[in-house]
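Visitor: Let me begin by handing over the structure; questions about it come next.
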Amino acid sequence: MALPLGAGIGLALPAMIVANSRYWIIYPWSYPIMAALGGDFDVFDKGSLIFFLSLFLLLVVFAWGYANFIKRDIA
């Protein structure tokens, strides 16, 4: 459990720095920051773009996880 938690924290902390650059779109861990600060600052004025990008990423990850869940023998 420590490995995924450590990886998540390790990738989330640089997201604050990347969110202030022009490369935020290629770093998925900056999406929550961009969505939360969507309309408050000029730099973060990307509300609908980040919403649809996050929704797309959520659906892709969910579909991948669902497909892997169906393949596994649970019983």
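The values are calculated or read from the model by the stated rules, or taken from the named source; none is laboratory data. Just so you know, these numbers come straight off a predicted model, no measurement behind them. Every residue, glycine as well, gets a Cβ built from its backbone with ideal geometry; the counts of neighbours run over all protein chains shown.
Visitor: Anything in the range 56-75 that is in a helix (DSSP H, G or I) and either more than 28 Å from LEU37 (Cα to Cα) or modelled with pLDDT under 85 (or both)? List them, or say none.
Guide: Within the range 56-75, TRP64, GLY65, TYR66, ALA67, ASN68, PHE69, ILE70, LYS71 meet the criteria.
Visitor: Considering only the range 1-22, how many residues are in contact (Cβ under 8 Å) with a residue 12 or more places away in the chain and of a type in the set (A, V, I, L, M, F, W, C)?
Guide: Count: 6.
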